[in-house]
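In what follows, a structure is listed as structure tokens, so that the remarks can point back to it.
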Protein chains: 2
Amino acid sequence: MKVTVLRLGHRLTRDARINTHLALTARALGASGIVYDSSCPDVEESVQRVNASWGGGFSVESTRGWRRFIQDFKGVKVHLTMYGLPVADVLPAIRGQGDVLAIVGGAKVPPEVYQLADYNVQVGGQPHSEVAALAVFLDRLFEGEGLEKEFGGRMRVVPQAKGKKVVESN
Amino acid sequence: MKVTVLRLGHRLTRDARINTHLALTARALGASGIVYDSSCPDVEESVQRVNASWGGGFSVESTRGWRRFIQDFKGVKVHLTMYGLPVADVLPAIRGQGDVLAIVGGAKVPPEVYQLADYNVQVGGQPHSEVAALAVFLDRLFEGEGLEKEFGGRMRVVPQAKGKKVVESN
């Protein structure tokens, strides 16, 4: 199962840091790539830097046609929204249907997205953060194994009870 | 078990949105309050607005003495860091020890924090987002029940397969 994230309606300046957090969260929790509905060179650069050091082939792309992108996606289309059905109830139906497109909205999501999605899914019914919603969704979707992914990078953390240990190879 | 989040080393301007996302994530995933190491009126205001509409008594405070705050905390002190031990390995030891302080660092965390914490815990060994790390940590700590919390607010989402439904009472 391959997971792609589609980020809609981001506001370049205001959301610059949030967009980078979204991309790195998607990467760290096992998704394969993220697609934005407008170009975001800052995010691309951050992710390329992280890939170069820490490994993996996580991709950052942009599309001018998000509608077409959703329609053409081969797999299950999941829209993360506080108005959707509880994640715990919907996950069993999502798993095992092949690849997943996780659609993450910005401030305003066009009503059409709710119709284009196969599932509208809430990570809680309270207003919070699309970064948090995506993280919990991916963690549960992969049943905790998203975090176990091996990136095979030049740099690697060796978990420590106290302090920091990073191994660097060439 | 009551969970308090302590946010260290935030940079007011650059991290303004991230700080709000952190607070709302903590609230939505079942924590009781967040404490910053400097004052952040914007976050306080956002959270007050959310509490007023959506309910619950989630608190936002600031402390000038984060060291003392950690030392005086009655309960288990958990520092979320990519250099720590895997969350899945440490959680069984954390649960059942009473209240939890979840320490979330900013760009630079003083080395002392690693010593003051009872547990340094990684949510994956890859660089990503403190918002995502906190979300997954809380979701796993509460074994998914953080999201089930009832806030008893004036506004309440009624989960829908398509579209939005919010019930408002007075």
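Things worth noting here:
- Selection of the stretch A:75-115 for residues being more than 15 Å from the chain's Cα centre (by Cα), crowded, with 16+ Cβ neighbours inside 10 Å and on the phi < 0 side of the Ramachandran plot yields A:MET82, A:TYR83, A:GLY84, A:LEU85, A:VAL87, A:VAL90, A:LEU91, A:ILE94, A:VAL109, A:VAL113, A:TYR114.
- If the condition is being in a strand (DSSP E or B), polar (S, T, N, Q), more than 23 Å from A:PRO159 (Cα to Cα) and at pLDDT 95 or above, then the stretch B:51-90 contributes only B:SER59.
- Residues in the stretch A:137-170 that are of a type in the set (A, V, I, L, M, F, W, C) and at pLDDT 95 or above: A:PHE137, A:LEU138, A:LEU141, A:PHE142, A:PHE151, A:MET155, A:VAL157, A:VAL158, A:ALA161, A:VAL166, A:VAL167.
- Condition met for A:ILE70 (hydrophobic (A, V, I, L, M, F, W, C) and over 24 Å from B:ALA161 (Cα atoms)): no
- Residues of the stretch B:20-38 that are of a type in the set (A, V, I, L, M), surrounded by 24 or more Cβ atoms within 10 Å (Cβ to Cβ) and under 19 Å from A:VAL123 (Cα atoms): B:LEU22, B:ALA23, B:ALA26, B:ALA28, B:LEU29, B:ALA31.
- Scanning the stretch B:137-164 for residues that are surrounded by 23 or more Cβ atoms within 10 Å (Cβ to Cβ) and either aromatic (Phe, Trp, Tyr) or free of Cβ contacts under 8 Å to residues at least 12 places away in the same chain (or both) yields one hit, B:PHE137.
- Test result for B:LEU85, touching a His at 6+ places or on another chain (Cβ under 9 Å), within 12 Å of another protein chain (Cβ to nearest Cβ) and more than 15 Å from B:VAL5 (Cβ to Cβ): no
- Pairs meeting the criteria (first residue in the stretch B:25-38 and without any contact (Cβ under 8 Å) to a residue 40 or more places away in the chain and away from every other protein chain (no Cβ under 11 Å), second residue assigned to a helix (DSSP H, G or I) and surrounded by fewer than 24 Cβ atoms within 10 Å (Cβ to Cβ), beta carbons under 6 Å, at least 6 apart or on different chains) are B:ASP37/B:TRP66.
- Residue within the stretch A:41-48 that is at pLDDT 95 or above and assigned to a strand (DSSP E or B) present: no
- Only one of A:GLY125, A:GLY144, A:GLY152 that is facing chain B (nearest Cβ under 9 Å), small (Gly, Ala, Ser) and under 28 Å from B:LEU85 (Cβ atoms): A:GLY144
- Among (1) crowded, with 19+ Cβ neighbours inside 10 Å; (2) more than 11 Å from every other protein chain (Cβ to nearest Cβ); (3) touching a strand residue (DSSP E or B) at 6+ places or on another chain (Cβ under 6 Å) - the single one A:GLU168 does not satisfy: (1)
- Only one entry in A:ASP72, A:ASP118 is farther than 19 Å from B:VAL136 by Cα and within 13 Å of chain B (Cβ to nearest Cβ), namely A:ASP118.
- Residues located in the stretch B:3-36, provided they are of a type in the set (Gly, Ala, Ser), in a loop (DSSP other than H, G, I, E, B) and either modelled with pLDDT of 95 or more or in contact with a helix residue (DSSP H, G or I) (Cβ under 8 Å, 6 or more places away or on another chain) (or both): B:GLY30, B:ALA31, B:SER32
- Residue check, B:PRO159 facing chain A (nearest Cβ under 8 Å) and under 22 Å from A:LEU29 (Cβ atoms): no
- The condition of being more than 10 Å from every other protein chain (Cβ to nearest Cβ) and modelled with pLDDT of 95 or more does not hold for B:LEU134.
- Test: residue in the stretch B:126-136 that is surrounded by fewer than 20 Cβ atoms within 10 Å (Cβ to Cβ) and closer than 30 Å to A:GLY152 by Cβ: yes
A quick yes/no check of all residues on (1) touching a Leu at 6+ places or on another chain (Cβ under 7 Å); (2) under 26 Å from A:TRP54 (Cα atoms):
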{"position": "B:PHE69", "(1), (2)": "yes, no"}
{"position": "B:LEU116", "(1), (2)": "no, no"}
{"position": "B:HIS128", "(1), (2)": "yes, yes"}
{"position": "B:VAL131", "(1), (2)": "yes, yes"}
{"position": "B:GLU148", "(1), (2)": "no, no"}
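The values are calculated or read from the model by the stated rules, or taken from the named source; none is laboratory data. Quick caveat, the model's predicted, so the values are computed rather than measured. Note: ideal-geometry Cβ built from the backbone for every residue, glycine included; neighbour counts use all protein chains shown.
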